[in-house]
């Protein structure tokens, strides 16, 4: 999928909001205080009572938590509205995390539309996804895929592995924006996982056998239908 959306609670009172920490853990990223987000928070936040940003306090700690964002080469923090400090965190190039407050969420969606239009004009690229099917279980390709991810991560390529439960094959994916680079990896990955490139997941699975209906069974079914109709 090219784009994933996730909206979250963004209030300092959301002690149970684990969106950022969960995504950071999923992609092996650290959580760090984002300086620009903190600067905008101080500048644009409105308080009913005076608030001291410089003196340590439980409230200050809770507010700073909202500016702790995943950090890494595959993380982009953007601000699509001038009247709010709340950022849009883009993780793995296609996961967009927006705030859960409806009014802010709506305004940021409008801003994201403009951002997408601008990126389309300037970059002209979208995510490329290559599928490779392998009969090997995940446990046998895990070490190779880990080494592969370390090798290609700097190029913005994400390596995925997805089991097809109850099927004969599993799927390995290569996702990124550099189509030429991804294409250059295909043969190597096919050899590494002893697999074959496919265009649609499951296309290499054998067809399920269809139950054969004999003429005699059809006639029996018709007779039963007629008998039921006459009884009514």
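A few notes on this one:
- Any hit, the range 166-185, residues being surrounded by fewer than 18 Cβ atoms within 10 Å (Cβ to Cβ) and in contact with a helix residue (DSSP H, G or I) (Cβ under 9 Å, 6 or more places away or on another chain): yes
- Odd one out for residue 166, checked against (1) in contact with a strand residue (DSSP E or B) (Cβ under 8 Å, 6 or more places away or on another chain); (2) at pLDDT below 90: (1)
- Here the range 111-137 is the region considered, the condition is being over 23 Å from residue 73 (Cβ atoms) and exposed (fewer than 12 other Cβ atoms within 10 Å of the Cβ), and the residue that is modelled with the highest pLDDT is 137.
- Close pairs from the range 183-207: first at pLDDT below 95, partner exposed (fewer than 13 other Cβ atoms within 10 Å of the Cβ) and not in a strand (DSSP E or B), Cβ under 7 Å, at least 6 apart: 205/168
- Only one entry in 141, 159 is assigned to a helix (DSSP H, G or I) and at pLDDT 90 or above, namely 141.
- The listed residue being assigned by TED's automatic domain parsing to the domain that holds residue 166, surrounded by fewer than 14 Cβ atoms within 10 Å (Cβ to Cβ), out of contact with any helix residue (DSSP H, G or I) (no Cβ under 9 Å at 6 or more places or on another chain) and within 20 Å of residue 182 (Cα to Cα), out of 140, 150: 150
The values are calculated or read from the model by the stated rules, or taken from the named source; none is laboratory data. Predicted model only: the values in this text are computed from it and were never measured. When we count neighbours, we look across all protein chains shown, and the Cβ atoms used for this are built from the backbone with ideal geometry, even at glycine.
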